[in-house]
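Reading through the structure tokens given below for one structure.
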Number of protein chains: 2
Amino acid sequence: VKKLLTHAVTFARIETALKPFADQISPLIIDDQGQMSHPWGESEADGAIVFGNTDAFFGPAAREFFKTVLTLEKLDWFQSSAAGLEHPMLQAIGGKADVYTSSHQQSEAIAEWVLWAGFDYFQRGVERRKAQAEAQWIRLPFREISSTHWLILGFGGIGQAVGRRIRALGGTVTGVRRSGGEDPGANEIISINEVPSYLTRADVVLLCLPHTPDTENIAGADFFAAMKPETLFINVGRGALVDETALLAGLDAGRPAHAALDVFQVEPQPADGAFWHRNDVTMTAHMSATTAQARARTDTVFLDNLALFLAGREMKNTVPASEFS
Amino acid sequence: VKKLLTHAVTFARIETALKPFADQISPLIIDDQGQMSHPWGESEADGAIVFGNTDAFFGPAAREFFKTVLTLEKLDWFQSSAAGLEHPMLQAIGGKADVYTSSHQQSEAIAEWVLWAGFDYFQRGVERRKAQAEAQWIRLPFREISSTHWLILGFGGIGQAVGRRIRALGGTVTGVRRSGGEDPGANEIISINEVPSYLTRADVVLLCLPHTPDTENIAGADFFAAMKPETLFINVGRGALVDETALLAGLDAGRPAHAALDVFQVEPQPADGAFWHRNDVTMTAHMSATTAQARARTDTVFLDNLALFLAGREMKNTVPASEFS
């Protein structure tokens, strides 16, 4: 029997689906107050598995959750709801777990967030809302996504999910990734070296890279200065990708014309942060993946992997140990 | 030689493409001040053709433009940029012209407007902007379009253009049209009689019907009362489709939860109109088709038809005389 640690809210959602495994797992749940309990009663367990997701990572008891995971005697398997691995807690967990699996089910949600930001920019949402607030009947011509060219830095799950949608809408997509090749979500794939010559042409520059030493501050003063006017800059990757001082200077200079940001160097952003009150910035609180649909898909990934794990079979989305320092 | 009447701005855009026909047409242009001129010099002409588009219909000299069309001695052909025919001026022109052709190139623009409204509603744009304005770092879970069901009343060019996009995003589409059949933009096509039972299930109810005696006030008190809570109502058809008193009462009662409106019973909407200052209304000034891309596509439709007309061949999108009273 394996101990199964997860958040109480997650457990309530998947309890019925866990029943078939009742003789192989012993659930241990943590609620938002940090209280632990055994909803099916306590059993002798040999090792543990953990399902860590947004309920646990972003709830008020996140610290207790991580502490519990890191003090488990034996961690057979950790399923994360996230694709990213660079958070220090996830690094520590990856170093401890026998097997670590990730999930890419947030990509579709994030892609929809990106489309929201894209439509609102090209349709002049800021001006439309100003006209409505002032009861002004004015026609504001707008631009169709079908006519736009997107440069997507980082063409993994999120970049591909965005790219597929933009192409379905008739737009043009240039994806940037080291491995090259072709992809149905892109008209072309280029290498990072070719980015400067594309910055001068793209209508949208989207960052969905992971945070590594190579990508840190990849969007700096030169990056923004190379853009053409009227460019929309979007970051749904990590705050550390962007030199925020350079971005603010770039916005003041009109390159980019607008920034849509879901991630920041400092999170939560402080109340006196420099981005909040700008008309040329659209910002949300690191929540571009926060949909019930992404949560349900991630539950499914965990439950599928649980069946494989308990059957002694190889799981999906296993992350090599070399990814954890 | 045929006189060719169009707006000066349109002429400037297509003059190069008109050159090959220089010995068959004599352009006559009208500018925003209502001034008429012959940019290629005045020639003896036998009959006239007219290209009427948004430059002419919505510019400050619209009245002079229509008056000129209706006082032409002989009108061989009128190309409209619009799909709709119910405007009294277009009815009068249709009754006068030997041939009347329409255009459906606005559908793609309007479909993008509809997606803008849909994304902003399901992603809680109103609350996101309030949080940003108040410098509040809060996570607002949202809903993916992939999980939504759209009921589209009027499944012609616009409805199909919306439906294709929603399906590409993973959503479900029910189209409503008299002719039935199947369509790649819809999971199913139903008849108008089946609408009441679908109103209780749809997440979005979109009107893109023409205005006819049958469709006038089709969205009234019963229509809104049948919706489930949290429904988004969108009208990009005609203002006359909606009983606005019933809509306002419906919004007050939460059915629909939100309305996105580009058309109104009275246009322009007066400054003291009842919709402007509601948080549960997104409104624009009858401009959902106003893109440079739609304009360029419509220019192409006219130029293609011009080549056919001058070659004595049948044109695309001819409207039967029976459509004009």
* Asked: If one takes the longest principal axis of the Cα atoms in chain A, at what angle in degrees, from 0 to 90 and to the nearest 10, does the Cα axis of helix A:107-122 lie?
  -> 20
* Structure fact -> With a 18 Å threshold on alpha-carbon distance, the violating pairs from B:Lys3/B:Lys316; A:Lys67/A:Lys96; A:Lys74/A:Lys96; B:Lys19/B:Lys96 are B:Lys3/B:Lys316; B:Lys19/B:Lys96
* Asked: Under a GNM of chain B (C-alpha, springs under 10 Å), which listed residue has the highest mean-square fluctuation: B:Pro141, B:Pro196, B:Pro60?
  -> B:Pro141
* To do: Would you work out which of B:Ala83, B:Trp40, B:Leu4 lies farthest towards the positive end of the dipole of segment B:1-108, given +1 charges on the beta-carbon of Lys and Arg and -1 on that of Asp and Glu, about the Cα centre?
  => B:Ala83
* Structure fact -> Asked for the total accessible area buried by B and A (1.4 Å probe, Å², nearest 100), one would answer 4700
* May I ask what percent, to the nearest 5, of DSSP beta bridges between residues of the protein assembly as shown are antiparallel? => 5
* Prolate/oblate/rounded label for segment B:53-107 (Cα gyration tensor, a/c 1.5) -> oblate
* Asked: Taking the axis that carries chain B onto chain A, what is the nearest Cβ in chain B, and at how many Å, to the whole number?
  -> B:Ala168, 2
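In Å², what does the accessible area per residue of segment A:183-259 work out to with a 1.4 Å probe?
On the way: 3140 Å² over 77 residues.
Normalised by residue count, the accessible surface of segment A:183-259 is 41 Å².
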* Assigning unit charges at the beta carbon (Lys, Arg +1; Asp, Glu -1) and nothing else, what dipole magnitude in debye, to the nearest 20, does segment A:134-272 show about its Cα centre? -> 520
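Percent of accessible area on chain B owned by carbon and sulfur, 1.4 Å probe?
Values: 6910 of 13720 Å².
Reported share for carbon and sulfur atoms: 50 percent.
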* How far is A:Pro88 from itself in the other copies, in nm, if each label sits 7 Å out from Cα along the Cα-Cβ line, shortest first? -> 7.4
* Structure fact -> Output row for B:Lys130: copy-to-copy label distances, label 7 Å along Cα→C-beta, ascending, in nanometres, one decimal, is 2.3
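Give me the 1.4 Å probe accessible area per residue for segment B:1-154, excluding ligands and nucleic acids, in Å². Mind dumping the intermediate values first?
Working: 6190 Å² over 154 residues.
About 40 Å² of surface per residue is accessible.
Within chain B, which is the longest segment that contains none of the GluC sites (Glu not before Pro) sitting in a DSSP loop with at most 15 other Cβ atoms within 10 Å?
Working: sites that count: B:Glu42, B:Glu44, B:Glu73, B:Glu86, B:Glu134, B:Glu182, B:Glu216, B:Glu230, B:Glu314.
Value returned for the longest uninterrupted segment is B:231-313.
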* Asked: Which loop chymotrypsin sites (Phe, Trp or Tyr not before Pro) in segment A:57-116, with loop taken from DSSP, have no more than 16 other Cβ atoms within 10 angstrom of their Cβ?
  -> A:Phe58
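Can you compute the charge dipole magnitude of the protein assembly as shown about its Cα centre, using +1 on each Lys and Arg Cβ and -1 on each Asp and Glu Cβ, nothing else charged? Give it in debye, rounded to the nearest 20. Let's see the in-between values first.
Working: 56 positive and 78 negative charges, 57 e Å.
Its charge dipole is roughly 280 debye.
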* **Amide H contacts under 5 Å for B:Ile138, placed H, 5+ residues apart** => A:Ala285
* When chain A is treated as a GNM, springs tying every alpha-carbon pair under 10 Å, which of A:Gly59, A:Gly118, A:Gly273 comes out with the largest mean-square fluctuation? -> A:Gly273
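Suppose every K and R has +1 on its Cβ and every D and E has -1 on its Cβ; what is the size of the dipole of segment B:3-133 about the Cα centre, in Debye to the nearest 20? Before the final figure, lay out the partial values.
Working: 11 positive and 17 negative charges, 134 e Å.
About 640 debye.
Give, as a single signed number, the net charge of other residues whose beta carbon lies under 15 Å from the beta carbon of A:Ala296, with Lys and Arg counted +1 and Asp and Glu -1. Display every interim value, and only then the final one.
On the way: positive: A:Arg13, A:Arg295, A:Arg297, B:Arg143; negative: A:Glu15, A:Asp55, A:Glu108, A:Glu112, A:Asp299, A:Asp304, B:Glu144.
Once all neighbours under 15 Å are counted, the net charge is -3.
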* Among B:Ala274, B:Gln293, B:His211 the positive-end extreme of the charge dipole of chain B (Cβ point charges) -> B:Gln293
* Asked: Which of the trypsin sites (Lys or Arg not before Pro) found in segment A:183-284 are in a DSSP loop and have at most 16 neighbouring Cβ atoms, other than their own, within 10 Å?
  -> A:Arg201, A:Arg278
* **In order through segment A:133-147: 3J(HN,Hα) via Karplus (6.51 cos²θ - 1.76 cosθ + 1.60), integer Hz, x for Gly, Pro** => 4, 9, 6, 9, 8, 10, 8, 10, x, 10, 10, 7, 4, 4, 9
* Asked: HN-Hα J couplings of segment A:4-20 from phi, Karplus 6.51/-1.76/1.60, θ = phi - 60°, integer Hz, Gly and Pro as x?
  -> 10, 9, 7, 6, 4, 5, 4, 4, 4, 6, 10, 3, 4, 6, 7, 3, x
* Structure fact -> Any residue on another chain or 5+ positions along whose placed amide H is under 5 Å from the amide H of A:Glu188 is listed here as A:Val173, A:Gly175
* **Alpha carbon centroid spacing (whole Å) that separates segment B:242-267 from segment A:39-54** => 51
* **For segment B:217-224, 3J(HN,Hα) per residue [Karplus equation, 6.51 cos²θ - 1.76 cosθ + 1.60, θ = phi - 60°, Hz, x = Gly/Pro]** => 6, 4, 9, x, 4, 5, 4, 6
* Structure fact -> Amide H neighbours of B:Thr282 at under 5 Å, excluding residues fewer than 5 places away on the same chain, with H built from the backbone geometry, are B:Ala259, B:Ala260, B:Leu261
* Between A:Gly47 and the same site in the other copies, what are the distances in nm, shortest first, taking label points 7 Å from Cα along the C-beta direction? -> 8.6
* Using a Gaussian network for chain A with springs between C-alpha atoms less than 10 Å apart, which of these wobbles most: A:Gln132, A:Gln123, A:Gln269? -> A:Gln132
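What is the sum of charges, Lys and Arg at +1 and Asp and Glu at -1, for the other residues whose Cβ falls under 11 Å from the Cβ of B:Ala56?
So the environment of B:Ala56 carries a net charge of -3.
The values are calculated or read from the model by the stated rules, or taken from the named source; none is laboratory data. Just so it is clear, the structure is predicted and the values come from calculations on it, not from any experiment. FYI the Cβ positions are ideal-geometry reconstructions off the backbone, even for glycines, and counts take in every protein chain you see. Heavy atoms of the whole protein, side chains included, go into the accessibility calculation; ligands, DNA and RNA do not. Shrake-Rupley method; radii C 1.70, N 1.55, O 1.52, S 1.80 Å.
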